[in-house]
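Encoded as structure tokens, the structure appears first; notes follow it.
The values are calculated or read from the model by the stated rules, or taken from the named source; none is laboratory data. All of these numbers come straight from a predicted model, not from anything done at the bench. Here the Cβ positions follow ideal geometry from the backbone for every residue, glycine too, while neighbour counts run over all protein chains shown. Heads up: the accessible areas ignore ligands, DNA and RNA and are worked out on the full protein's heavy atoms, side chains in. Shrake-Rupley method; radii C 1.70, N 1.55, O 1.52, S 1.80 Å.
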Protein chains: 2
Amino acid sequence: MEQETHLTESQPASPGTLRPGGRTAKVRRAVLDATQDALADAGFHALNMDRIAATAGVGKTTVYRRWGSPVGLVTDLLHDMAEQSLPASDTGSLAGDLRTNAELVRATLTDARMGAVFRAVIAAAACDEDCARALADFYRTRLGEWAPVVAKGAARGEIPAGTDPTELLRAVSAPLYYRFAVTREEVTADVAERAVTAALAAARDGVFIRA
Amino acid sequence: MEQETHLTESQPASPGTLRPGGRTAKVRRAVLDATQDALADAGFHALNMDRIAATAGVGKTTVYRRWGSPVGLVTDLLHDMAEQSLPASDTGSLAGDLRTNAELVRATLTDARMGAVFRAVIAAAACDEDCARALADFYRTRLGEWAPVVAKGAARGEIPAGTDPTELLRAVSAPLYYRFAVTREEVTADVAERAVTAALAAARDGVFIRA
DNA sequence: ATCTTAACGGAACCAGTCTCCCATTAAGGG
DNA sequence: CCCTTAATGGGAGACTGGTTCCGTTAAGAT
């Protein structure tokens, strides 16, 4: 809603888009870094615009003007995270690739810093629609990066043709995130392994064939 | 942390435990109802102790004293929700029972009121350890109620003996909650159906046999 | 090099939240 | 039925987080 506010005022565009040179970019970097730090060691509820401005070494007016609110910060952080994509693996077998994927997700969620960030992001998305959209985009991007892995597996005949790649990938991630965010159980290597095995078993049975 | 505060003071116990007669119980009921209403139509970020007190027709001091903070309210609401258990189904086949379970979860998450409550609860749990524990307890309870359904299915030979009941149930719920809380995709009947089919396929393959 | 103005930053200001104090009500025991 | 005291309730005051104003800095154009 802050976003809307200054758009409807006399401002021609949202700040940072018209003159995104050195200073503006530096400010954004500092603020997003500070945001991630804050989320990592205090969580979303403790996210405070004022403190972010202080640790980023930036005027708090700037933070309020450009991001508007704590969820605004998280939303932009999410956009930033979506931009820096990391490539999918290629172990030669679908099972191997999915195992790598699951292990990557597990490592991220288990990592003290990244785990806290993801927790915060999920909480923020539960509070705000814009943030929810950014989160959805983030995962759409991530799943899209891994989809070719599944397609190749299908081409090799490891799973039936017509299997929906992202559907299989979701099946791998779901048990990990479910434990991480909902039941708050520990996400062990065992859980990741079982997620892969289960998803593959279902895929072989043709459960994920696109309708 | 509020909880701790008045425990360490001169108070002998937390309020409401020593004299839980008519009034105290009535206050709790009113406050928890108001909390659920507030979560349903404004979300967790908008949860406000002051307003809760007003709509519950209760002094705000009472709300602060007994619950301390918004997460405190949600935590207690969660305990309350865990207490009112609803029984598992018995359609005669494991597939049927799991389908009922998945459909129940889907209906809950899709329902405007309950969906909002669950979203809020997940957000709150991401912010606070006590609340996280309460959430974990809630699901431990729920899964425990449905475990017999799986055991009976195993006894009937629909899935291998030694299958971990709650593990199978988690596999059914995970894709629904993953979409609901993480990727924020729509939780359709189709998704629920596929979750059941996939979980069953994996179970038949012995993926969920207890180590 | 100079100019225009987008974007930043400091400080005062305002508002909504929480806390504390003390009077009032009623639960549970005799 | 009465007494003790747990628990509630109203209101004043403090505090923190957010907003606005206006002067300053430097990006991008000429």
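Selection of the stretch B:169-185 for residues being more than 23 Å from residue A:120 (Cβ to Cβ) and more than 8 Å from chain A (Cβ to nearest Cβ) yields B:169, B:172. If you go through the stretch B:186-211 and pick out every residue that is at the interface with chain A (Cβ under 7 Å from one of its Cβ atoms), open to solvent by 10 Å² or more (accessible area, probe 1.4 Å) and without any contact (Cβ under 8 Å) to a residue 12 or more places away in the chain, you end up with 3.
Okay, residues lined up against (1) under 21 Å from residue A:200 (Cα atoms); (2) in contact with a His (Cβ under 7 Å, 6 or more places away or on another chain); (3) open to solvent by less than 10 Å² (accessible area, probe 1.4 Å):
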| position | (1), (2), (3) |
| --- | --- |
| A:130 | no, no, no |
| A:133 | no, no, no |
| A:141 | no, no, no |
| A:145 | yes, no, no |
| A:149 | yes, no, yes |
| A:154 | yes, no, no |
| A:159 | yes, no, yes |
| A:174 | yes, no, yes |
| A:182 | no, no, yes |
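Determine the pairs where a residue that is within 11 Å of chain A (Cβ to nearest Cβ), located within the stretch B:135-149, has a partner that is hydroxyl-bearing (Ser, Thr, Tyr) with Cβ atoms under 6 Å apart, the partner being 6 or more residues away or on another chain. That search, which allows pairs on different chains as well, returns B:136/A:183; B:139/A:183; B:143/B:166. Within the stretch B:113-128, one or more residues are open to solvent by 50 Å² or more (accessible area, probe 1.4 Å) and either among the basic types (Lys, Arg) or out of contact with any helix residue (DSSP H, G or I) (no Cβ under 7 Å at 6 or more places or on another chain) (or both). Would you be able to say whether some residue in the stretch B:111-126 is away from DNA strand D (no atom under 16 Å from the Cβ), more than 14 Å from chain A (Cβ to nearest Cβ) and acidic (Asp, Glu)? For the stretch B:111-126, residues away from DNA strand D (no atom under 16 Å from the Cβ), more than 14 Å from chain A (Cβ to nearest Cβ) and acidic (Asp, Glu): present.
Kindly indicate whether any position in the stretch B:59-66 is more than 19 Å from the chain's Cα centre (by Cα), within 13 Å of DNA strand C (Cβ to nearest atom) and exposed (fewer than 14 other Cβ atoms within 10 Å of the Cβ). Yes, that holds for at least one residue.
Against the test of being among the charged types (D, E, K, R), out of contact with any strand residue (DSSP E or B) (no Cβ under 9 Å at 6 or more places or on another chain) and within 18 Å of residue A:197 (Cα to Cα), the options A:99, A:119 yield a single qualifying residue, A:99. Within the stretch B:23-58, can you find the residues that are within 8 Å of DNA strand D (Cβ to nearest atom), of a type outside the set (A, V, I, L, M, F, W, C) and open to solvent by less than 40 Å² (accessible area, probe 1.4 Å)? Hit for the stretch B:23-58 is B:24, nothing else. Residues satisfying the criterion are absent from the stretch B:75-82 (criterion: away from every other protein chain (no Cβ under 11 Å), of a type in the set (Asp, Glu) and surrounded by fewer than 16 Cβ atoms within 10 Å (Cβ to Cβ)).
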